[in-house]
Amino acid sequence: MRTPISLENPGTFGMGCNYWASHAGTAMWSDWRPEIVEADFKKLSDHGVEWLRVFPLWPDFQPITQMRGQGGHPVEIRLGECPLPTNSIGQAGVSAVMLGRFIECCALAEKYGLKLIVGLITGWMSGRLFVPPALDALDPITDSKSIAWQIKMVRTIVTHARDQKAIAAWDLGNECNCMGKPASRDAAYLWTATITNAIRAADSSRPVVSGMHSLVSAIGADPGSNEWTIDDQGELTDILTTHPYPYWVRHTRADAVNTLRTTLHATAETRFYSDIGGKPCFAEEIGTMGPMVAGDETSADFARVNLFSLWANDCRGFLWWCAHDQTDLAHAPYDWIGVETELGLLRNDGTAKPVLREMGGFRRFLESLPFKTLPRRPIDAICLLTKNQDDWAAAFGAFVLGKQAKLEIEFRHIHQAIPEANLYLLPSIQGPDCIPRRQWLELLDRVKAGATLYLSLGDGIVAHFNEVTGVELLSRAQAKSPLLAVLGGTDVLPMHDADDLRFECRDAEVLGVREDTGSPVFWHHALGKGRVFVHAAPLEVSLTRRAGVFDEGAPPYWHLYEAFCKNLPSSRLLEISSPALAITEHRLADGRVAVIAINHTATPQEIITPLPDGVGLETVWRGAVSSDDSYHLKLIIPAFDAVVFACAPSRTPATDKFRHPDPVGK
């Protein structure tokens, strides 16, 4: 048996799905059929599902009506036609019947070993707003009357269900940032703090999960800005969430779902949230959005590679949307929104789709491992996101390039404390106030002490640029035609969205030049004991916004990242140069190094790489990995799959063949 999973514990990982009953969808509470729910739970558990995210639908659980008198004057809040009962449940406007059904649901989950994440304010679901009749005309996020009744419902549900062992976490609700009109940052903060505090007042033993979708970071935001931010959710809740659908999240629809960039999206976004927010984060909703976006086997490939990638990068969990197809449901939102009907792990006839097969296989793989938790991967660089830029585009582009160049990145924004590191990235800087003076000088001091700094240039302006970078900027203009960079005399890279910048080298080493003018476009310069690398185009943002630029056969932009990583200290045991593979290493308690090599492409990869002196292949937990007499390692990785193995100091003479167990297949 696996160690009990926890959203809060580093190195643990759980799988599951978002659940509505197979017969009813959002009507499951009003059309409660416990025998069907039990059959659903048994089938999902048998297939390896561990977590379910469930949703007490707001108007079902708090069916309050505003009674009015002459001229529409409010007179009384009732439960339908009945006065509110005098007990605590009734006074909160909560239906005792629905609360009983929820307790029964929790007991059924416990019976089948399922852990529940409970979305308490389920007012938004699959394109429809669900609000109690008494509150229907009020904004759920900003109206004080609506918020007051939300507090009452949350407090009541949590108080009466907190003894249920199946409940693992309380979720604020389903994408509550979609419930109301656009709210100020202050209003979003206040609503989040209010509901979070109501949960904790009733149950402080479980974590509070954010449950939001498509947050932004607070770079440059002021209290009047119209945003729900990663920073605020990280401050107020215990666990952050991403809903990384390639169909919905900006900058993620450019390529097919079974391509390198798209299969790195969930990991990149989840790490972005966790690093900026300072809290654990998991992929709370993930999927391919059905057969008009991806076929069943393509979706299975997508699921498999994302399971390995999220696990390897400490992203805590993977919850598919959703448990069941809903093609037979006629009520809204299923009658309105075609995309919501064919997203299940199980078809209407109860048969499992290939994605569920992959989830079950991955659970068995995790159960076979001898270690309980996966140690954190070492971090090579801090990527600093700055004002004025599209920071998610900058982060996403940097993350993908980093994975291709075998560079492990952690994110911060420029107003946060900057961790100590050997390498700092300032991708695609934009605007005249992109970096406050104090942070810029702090970075330069760290470079002078021995760190490396990389900048890529939008129209951002920083002080003392010429002195810091070893060039002189002669002129700047909009480019009148597409620009090309020649890197190392061989790679020709289009410079998307670049200005026409003319530089003259003063005290720098040029690594790449403009094809038309010979002007430097990529160079480095010594600064104290460190170095500064500069690329004269907003590389990360421009690539994120374009289709096909990370596909096999595309120009090798990752060579730019490889260039400034070459001479930096590395904790990696293995040096594997392949842009198709994302490779993480994890030092186990017994001194062994677990290696996870993930193929994010449709082309099977065969890699041969030398083992360091005195190091041998010890154990293979998944895939085809072998070593030969000359101490080379051979990896064979199928499309959208992974190998997982351990290396350790060799216990046999270097001339002997290192023995290893037979590989474990799928």
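All of (1) within 25 Å of Ser184 (Cα to Cα); (2) open to solvent by less than 60 Å² (accessible area, probe 1.4 Å); (3) in a helix (DSSP H, G or I) hold for Leu138 with one exception: (3). Within region 231-248, residues that are open to solvent by 10 Å² or more (accessible area, probe 1.4 Å) and modelled with pLDDT of 95 or more reach partners that are in a strand (DSSP E or B) and hydrophobic (A, V, I, L, M, F, W, C) with beta carbons closer than 6 Å, at six or more positions or on different chains, in the pairs Asp238/Val208.
In this structure, is Thr12 part of a loop (DSSP other than H, G, I, E, B) and free of Cβ contacts under 8 Å to residues at least 12 places away in the same chain?
no
Considering only residues in region 625-666 that are open to solvent by 60 Å² or more (accessible area, probe 1.4 Å) and in a strand (DSSP E or B), the one that is modelled with the lowest pLDDT turns out to be Pro649. Among the residues of region 336-353, some residue qualifies, meaning at least one is outside any loop (DSSP other than H, G, I, E, B) and at pLDDT 95 or above.
Selection over region 557-596 of residues that are more than 18 Å from Leu425 (Cβ to Cβ) and open to solvent by less than 30 Å² (accessible area, probe 1.4 Å) gives a count of 14. Of all the listed residues (Glu575, Glu606), the sole one being acidic (Asp, Glu), in contact (Cβ under 8 Å) with a residue 24 or more places away in the chain and part of a strand (DSSP E or B) is Glu606. All conditions in (1) over 29 Å from Phe318 (Cβ atoms); (2) not polar (S, T, N, Q); (3) not in a helix (DSSP H, G or I) hold for Ile151, with the sole exception of (3). Return yes or no: is Ala168 outside any helix (DSSP H, G or I), aliphatic (A, V, I, L, M), modelled with pLDDT under 95 and buried (at least 17 other Cβ atoms within 10 Å of the Cβ)? Against the criterion (outside any helix (DSSP H, G or I), aliphatic (A, V, I, L, M), modelled with pLDDT under 95 and buried (at least 17 other Cβ atoms within 10 Å of the Cβ)), Ala168 does not qualify.
The condition of being open to solvent by 30 Å² or more (accessible area, probe 1.4 Å) and under 26 Å from Val208 (Cβ atoms) holds for only one of Pro133, Pro63, Pro85, that being Pro63. At least 2 residues being of a type outside the set (Val, Ile, Thr) and open to solvent by less than 50 Å² (accessible area, probe 1.4 Å) is the threshold, and among the strands (runs of 3 or more DSSP E) wholly inside region 428-538 those reaching it are 452-457, 484-487, 491-494, 500-505, 509-514, 520-527, 530-535.
Among the residues in region 116-131, are any closer than 21 Å to His47 by Cβ and of a type outside the set (Lys, Arg)?
Yes, region 116-131 has at least one match.
Checked against (1) surrounded by fewer than 17 Cβ atoms within 10 Å (Cβ to Cβ); (2) on the phi > 0 side of the Ramachandran plot, Ser204 passes all but condition (2).
Within region 273-293, being outside any strand (DSSP E or B), in contact with a helix residue (DSSP H, G or I) (Cβ under 7 Å, 6 or more places away or on another chain) and either β-branched (Val, Ile, Thr) or closer than 20 Å to Gly16 by Cα (or both) holds for Ile276, Pro280, Thr288, Met289, Gly290. The selection criterion, being within 18 Å of Phe272 (Cα to Cα), part of a loop (DSSP other than H, G, I, E, B) and either open to solvent by 30 Å² or more (accessible area, probe 1.4 Å) or touching a helix residue (DSSP H, G or I) at 6+ places or on another chain (Cβ under 6 Å) (or both), does not hold for Pro370.
The values are calculated or read from the model by the stated rules, or taken from the named source; none is laboratory data. All values derive from a computational prediction rather than experimental measurement. FYI the Cβ positions are ideal-geometry reconstructions off the backbone, even for glycines, and counts take in every protein chain you see. With ligands, DNA and RNA removed, areas are computed over all heavy atoms of the protein, side chains included. Shrake-Rupley method; radii C 1.70, N 1.55, O 1.52, S 1.80 Å.
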